[in-house]
Amino acid sequence: MRIAIHTYGTRGDVQPFVALSVALLAAGHEVQLAGPAPYAPLAVARSVPFHCLPPEMLNLIETREGKKAIAEGGGFLAGFKLLKHVRPLMEDLLRHEWETARDFAPDLIVYHPKSLASLHIAERLGCSAVLGSPLPISTPTSAFPSPVFPVRTLGPLNRLSHSLVANGAELLFAGTIARWRERAA
C-alpha cells in the first residue's frame, strides 16, 4: 500500500510520524512523509522518504511579532494576532501539500490535525484519509479545556473547547481552502 503521511508543526508534531513511517516501511508499505523542511534530517536518518514542506509558518513564530503575540496572547489568542500573516503562507503550504500527494499518488493519507489540506486532498485523489493525532486535541473531555486555551478550566465548557479547537482552523481558513480547492488540478 502507498501511504502518504502529512504533518506540520514542531519536532513533537513530526517525530511520532517518523516512527510510524519506519514501522510502515518495515511492514512492506511504500511511505512518503511530508513535513516541515527543518525536520527532514529526522526522517532521512531513518531512511524514511521525506518531502519538505515550506517552513515559513514555523519561522513566523520566531519573528519579533510572532514572539510578541505568543507571549502576550497565549494559546488560541496568539493565533488570531498572527492571522494576517498566516493566510498567505497557508496558501503556499496547501499548494505544496497538494503537489506532494498528487505526485506520490497514495492509497491512504495519514495526517496530523495541523494538516488542514489532507482530507480535501484525499477526496480529490479518491483515496482514504485517517487522522493520526499525537495530541489530546482530538479527544474531548470535560476534565480540562483544550490545551490551546490559556486557562485551567472553562467549567462546563471544557468539552466544547476541544471541538472548537478541532474545527477552528478549518473555519478560520475556510475561504483559503475553498480558493485552493478551485485552483487545484
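Readers should treat all values here as calculations from the given coordinates under stated rules, not as data from a laboratory. Given the structure is predicted, the values throughout are model-derived calculations rather than measurements. Here the Cβ positions follow ideal geometry from the backbone for every residue, glycine too, while neighbour counts run over all protein chains shown.
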Report task. Assign unit charges at the C-beta atoms only (+1 for Lys and Arg, -1 for Asp and Glu), then state the dipole size of the chain relative to its Cα centre in Debye, rounded to the nearest 20. Result -> 440 debye
Requested in this report: Relative to the compact-globule scaling 2.2 N^0.38 Å, provide the ratio for the alpha-carbon radius of gyration of the chain.
Outcome: 1.04
**Report entry** Helix runs (DSSP H) in the chain reaching 27 Å along axis by Cα, Kyte-Doolittle at least -1.0
**Finding:** 75-104
Report task. Using only the alpha-carbon atoms of segment 94-185, report the extent along each of the three principal axes, biggest first, to the nearest angstrom. Result -> 46, 25, 17
Report task. Rank by packing, highest mean first: peptides 149-161, 111-123, with packing defined as the count of other Cβ atoms within 10 Å averaged across residues. Result -> 111-123, 149-161
Query raised in the report: Using alpha-carbon pairs under 8 Å, 6+ residues apart, how would you state the relative contact order of the chain in percent?
Result: 20 percent
**Report entry** In the chain, lysine pairs closer than 16 Å at Cα, eight or more apart or cross-chain
**Finding:** 4
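Which value in Å does the Kirkwood hydrodynamic radius of segment 1-68 take, with 1/r averaged over all unlike C-alpha pairs and then inverted? It would help to have the intermediate numbers written out before the result.
On the way: mean 1/r = 0.0805 Å⁻¹.
After inverting the pairwise mean of 1/r, the radius is 12.4 Å.
Highest first, please rank the peptides 51-61, 6-16, 30-40 by the mean number of other Cβ atoms sitting within 10 Å of their residues. Present the calculation step by step, with values, prior to reporting the outcome.
Numbers: 51-61: 17.3, 6-16: 18.9, 30-40: 21.3.
Ranked from most to least packed, the peptides come out as 30-40, 6-16, 51-61.
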